[in-house]
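Undergrad: Got a structure for you, questions after.
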Amino acid sequence: MDFSTYISHLEADAGYRGQIVHREEIPARSPRYSSPIEALNPTLDLHLAAQGITRLYSHQARALDSVRSGRHVMIVTAAASGKTLCYNLPAIEAVLGDPRSRAIYLYPTKALAQDQLGKLNDFGLFPTVRFATYDGDTPKPDRAYIRKGAHLVLTNPDMVHVGILPNHTMWAQFFANLRFIVIDEIHSYRGVFGAHVAQVVRRLRRLSAHYDANPQIIACSATIANPAGLMHALTGVEPTVIEDDGAPRAKRHFVFWNPPLVGDAGDRRSAHVEATALFTDLVAHDIRTLTFAKARKSAELILKYARETFNTTNPPLAAQVMSYRAGYTAEERRRIERGLFDGDLMGVTTTNALELGVDVGGLDATVLTGYPGTIASAWQQAGRSGRAGGEALSIMIALDNPLDQFLMRHPEYFFGKPSEQAIVNAHNPRILRSHLACAAHEFPLSEFDSKWFGPEMERLLPDMVAERELVERGGRWYYRGEGSPAARTNIRSASSESYEIRDVSRPAAEGRRILPPPLIAPDGMGRLMGSAEDTRVFHTLHPGAIYLHQGDTFLVQELDAKQHIAWVAPSDANYYTEPRDVTSITILEQKETRPLGPAEAFFGEVVVSNQVVGYRCKQLYKDNVLDIVDLDLPEQVFETEAFWFTVPAALVADLAAKGLDLGGSIHAAEHACIGMMPLLATCDRWDLGGVSYPHYPDTGMATVFIYDGHPGGVGIAESTYHRLTELLTTTQQMIAECPCEDGCPSCIQSPKCGNNNEPLDKRGAAFLLEEILKLAPPSALEATAPPVESVIITR
């Protein structure tokens, strides 16, 4: 496909209004080959040649040499660079040399494990080398064979946590011969999920040592700024890092697309509408396309709009597009995966569920609806296209928020800046405690287990004994609860609970709500459509919320907190919903403090109280607010980590003297800082929360709080606290450069503000940050960090 011609077609379209603000042409790159120090096993070499692989890329050869020398290895290269061979070669070679050898492969998704199973099949070595996936979909009759006979077990952290480790005696032979632990797409293990996976890996290593094994760890990642630090946080080992990518690269066209301004308020046209127009145009031109969205609702909206477009312009294509996201049933996900892999689908709208290294051959283009939150994720999503070797096109559509608009004005930041640091808090006490219970259930804890779980273990054990979760006998701690604690610990969330989403599938009498049928038998419970975490259920499945599923619209009728079921019914609503919430914060412990010019900054533990108080109904396509509805839902309270800074009285007086509003100034600064934080940390703005007080009782001053939006904290606030001057500098620059007069979604307005973005004072926020920065020195960490601005480099 000649994508230069296609881009010219977009620019010539009658609806084009200058949306293309930057074009980056990333040139093709020739491969660099190398040979390992010792030749490959002849059988393995022969089967590689049968696949057309006669030489190894330089990073593949170096990875093999490093593993052979007994080191833990971290491979950090681009998408489609052949990282799979970096662990398949040593694992298969070990089995060919000693049939007792075993390896366990961890993938973040079942889809990725299934995809990699096909790559092992390509070697043609079965049954000499036996391999299988082992996850929740594995038939029970096959499980005993896999435990006893498979050399390579492909699974996910969830199954290791809940299925393998609690039943380790059934895996004794496997553990005793475990040579390798492979962790693919390691950069995806961040936030709450990463904190859980860090403990799962430690439990896995602990059990391996119990069976006298000491497996090497081989990890693969997209490009990140701290690969060695991330692997150490997740696994506890110090790796050899291999970053020199020798793989070839096809030519890629990368377009930055900014929706046009509409009206006089400075708002931009809906990114969902822009994404739909591009997605449908690409598919209509026979260009197989993945369109990414940042939220499940966004992926569903784009599919809904696309099908409505095709039903008018080209009805057969309406059946060739689908959406893909978490929350679907396993059967539905497998069906969509098959349609995508087999080429039956021309396009899929998706969340980051398809961001990871699934090799979907034949994809030509990717559309990114909004900056994904990190440079690493953006390149991972873009890398889903062009994997067959041909030219590729990626279009990133800006959302109307501070970060996306900053990048539209500064494309050199995206194309020139090294990727962000991936943050994992392996010492989250809430998460660690649940895994200590799991470890004690596997076999009793002792003081020597601080080798795996760190010194925090000693602080938590007395509390667990006092609360009768553990019992101590003879210097060992035994689990005393009932059942398996792993089954009650959801590693995808800080919460272990989830809600079913069920369609009542029956009409209601006119003027009356649809009530759920009697909960007597499964047949009377309605069709199971998916699930949702309880930590977000009040925000997404409150009564009156619109729930979208494969482009169809459903209205949430009832939220049954006792049964943990959200009852939904088909709806013809012409709107979607956004929750409104209010938040308050209490300081538990101040851990650190630092000067911040005339102000002062702090880091510590806080208690956050959040309550959904209503929702907005927003019109499809136009996104304007049609109605605001109040709700009365329970308050949710959790402990987390935060940083905060105070505004001294002298600066408050300066604001007043200039006629600037204190409450609006700090509120706008809070919004803008949260919007820019993903530039410094591997996170999304939805992982964060903020509160600003014109007078906070505990500090006696105006105070701005920004906190991790997950119980226990996940390290984002702590890491940003140490780079606070850098954050405020970038935020002040973004506000100053925004062309609006009084503030807009591109600078200080927030889509998740519970106060409907009132009050906000753009000039006050700019003045406040400018005055703080005049005298604010960087911290010791900031002084050694690379600057925000960066020269353009070739990727």
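Undergrad: In square nanometres, what is the average projected area of the Cα convex hull of the chain? Write out the running numbers ahead of the final one.
TA: Details: hull surface 138.8 nm².
For the Cα atoms of the chain, the hull's average projected area reads 34.7 nm².
Undergrad: List the aspartates and glutamates whose Cα sits under 13 Å from the Cα of LYS562, skipping any in the same chain fewer than 8 residues away.
TA: GLU497, GLU500, ASP534
Undergrad: As an exercise, use a Förster radius of 51 Å and the Cβ-Cβ distance of TYR478 and ALA295 to find the FRET efficiency, rounded to the nearest 0.05.
TA: It comes out at approximately 0.70.
Undergrad: A further question on this structure: Could you pull out the trypsin sites (Lys or Arg not before Pro) across segment 398-490 that fall in loop regions by DSSP (anything but H, G, I, E, B) with no more than 10 other Cβ atoms inside 10 Å?
TA: Listed in order of number, the matching sites are ARG468.
Undergrad: Over segment 294-349, what lengths in whole Å, largest first, do the semi-axes of the equivalent ellipsoid take, defined as the square roots of 5 times the eigenvalues of the alpha-carbon gyration tensor?
TA: Ellipsoid half-lengths, sorted descending, are 19, 15, 8 Å.
Undergrad: Taking a quarter of the surface of the convex hull around the Cα atoms of segment 432-478, what do you get in nm²?
TA: For the Cα atoms of segment 432-478, the hull's average projected area reads 2.8 nm².
Undergrad: Considering segment 377-478, what Rg and Dmax in Å follow from its alpha-carbon atoms?
TA: 23.7, 66
Undergrad: Roughly speaking, to the nearest percent, how much of the chain's 1.4 Å accessible area is carbon and sulfur? Write down the numbers at each step before the final one.
TA: Details: 15730 of 31080 Å².
Percent of accessible area from carbon and sulfur atoms in the chain: 51.
Undergrad: With all distinct Cα pairs included, what does the Kirkwood hydrodynamic radius of segment 553-641 come out to in Å, to one decimal, could you say? Please list the in-between numbers first.
TA: Values: mean 1/r = 0.0607 Å⁻¹.
For segment 553-641, inverting the mean 1/r across all distinct Cα pairs yields 16.5 Å.
Undergrad: Which one, VAL471, THR553, GLY689, projects farthest toward the positive side of the charge dipole computed for the chain from Cβ point charges (K/R +1, D/E -1)?
TA: The residue sitting farthest along the positive end of the dipole is VAL471.
Undergrad: May I ask you to give the average projected area over all directions of the convex hull of the Cα atoms of segment 599-758, in nm² rounded to one decimal?
TA: 10.7 nm²
Undergrad: How much of the pair distance distribution for segment 154-305 lies past 22 Å, counting alpha-carbon pairs only, in percent? Walk me through the numbers on the way to the answer.
TA: Numbers: 7014 of 11476 pairs.
When every Cα pair of segment 154-305 is considered, 61 percent fall beyond 22 Å.
Undergrad: In bins 5 Å wide, starting from 0, what share of all Cα pairs of segment 219-364 does each bin hold, as a percent?
TA: In order of increasing distance, the bins hold 2, 8, 14, 16, 16, 13, 12, 9, 5, 3, 1, 0 percent.
Undergrad: Same structure again: So what's the net charge close to ALA330: Lys and Arg +1, Asp and Glu -1, counting the other residues with Cβ under 9 Å from its Cβ?
TA: 0
Undergrad: Collect residues whose amide H, placed 1.01 Å from N in the peptide plane, falls under 5 Å from the amide H of ARG580; neighbours closer than 5 in sequence don't count.
TA: Distant-sequence amide H within range of ARG580: VAL613, GLY614, TYR615, ARG616.
Undergrad: Right, another one. Within the set of other residues whose C-beta is less than 14 Å from the C-beta of ASP449, count the net charge using Lys and Arg as +1 and Asp and Glu as -1.
TA: That works out to +3.
Undergrad: Please give the calculated 222 nm ellipticity per residue for the chain, where each DSSP H segment of at least 4 residues contributes -39500 (n - 2.57) and the sum is spread over every residue; nearest 500 deg cm²/dmol? Write down the numbers at each step before the final one.
TA: Details: 26 runs with 266 residues, N = 795.
That comes out to -10000 deg cm²/dmol.
Undergrad: At 1.4 Å probe radius, can you tell me the per residue accessible area of segment 603-687 in Å²?
TA: Using a 1.4 Å probe on heavy atoms only, each residue of segment 603-687 averages 36 Å².
Undergrad: Report the percentage of all Cα-Cα pairs in segment 1-111 whose separation exceeds 20 Å, rounded to a whole percent.
TA: 57 percent
Undergrad: Calculate, for segment 254-352, the solvent-accessible area per residue in square angstrom, rolling a 1.4 angstrom probe over the heavy atoms of the protein chains. Kindly include the intermediate steps, with their values, before the conclusion.
TA: Details: 3660 Å² over 99 residues.
Using a 1.4 Å probe on heavy atoms only, each residue of segment 254-352 averages 37 Å².
Undergrad: What are the equivalent ellipsoid semi-axes of segment 1-55, built from the alpha-carbon gyration tensor (square roots of five times its eigenvalues), in whole angstrom, biggest first? If you can, show how the numbers build up before the last one.
TA: Values: eigenvalues 441, 36, 11 Å².
With the √(5λ) rule applied to segment 1-55, the semi-axes are 47, 13, 8 Å.
Undergrad: May I ask you to evaluate 6.51 cos²θ - 1.76 cosθ + 1.60, the Karplus curve with θ = phi - 60°, for each residue of segment 288-299 and list the ³J(HN,Hα) values in order in whole Hz, giving x for glycine and proline?
TA: Computed from phi, the couplings for segment 288-299 are 5, 9, 9, 10, 8, 9, 7, 9, 4, 4, 5, 4 Hz.
Undergrad: On the first, second and third principal axes, largest extent first, how far apart are the outermost C-alpha atoms of segment 71-221 in Å?
TA: Largest first, segment 71-221 extends 35, 34, 32 Å along its Cα principal axes.
Undergrad: While we're on this one: Which pairs in the list LYS83/LYS304; LYS591/LYS752; LYS294/LYS774; LYS83/LYS591; LYS83/LYS251; LYS591/LYS774 are over 31 Å apart, alpha-carbon to alpha-carbon?
TA: Pairs exceeding the cut-off: LYS83/LYS304; LYS294/LYS774; LYS83/LYS591.
Undergrad: Give the peptides 769-776, 229-236, 597-604, 6-13 in descending order of average Cβ contacts within 10 Å, highest first.
TA: Per-residue Cβ counts within 10 Å, averaged per peptide and sorted highest first, yield 229-236, 597-604, 769-776, 6-13.
Undergrad: Could you give the accessible area per residue of segment 209-250, probe 1.4 Å, as a whole number in Å²?
TA: On a per-residue basis, segment 209-250 sits at 36 Å².
The values are calculated or read from the model by the stated rules, or taken from the named source; none is laboratory data. Only a predicted model underlies this, so the values are computations on that prediction, with no experimental measurement involved. All Cβ positions, even for glycine, are placed from backbone atoms using ideal geometry, and neighbour counts span all protein chains on display. These accessible areas exclude ligands, DNA and RNA; they are computed on the full protein's heavy atoms, side chains included. Shrake-Rupley method; radii C 1.70, N 1.55, O 1.52, S 1.80 Å.
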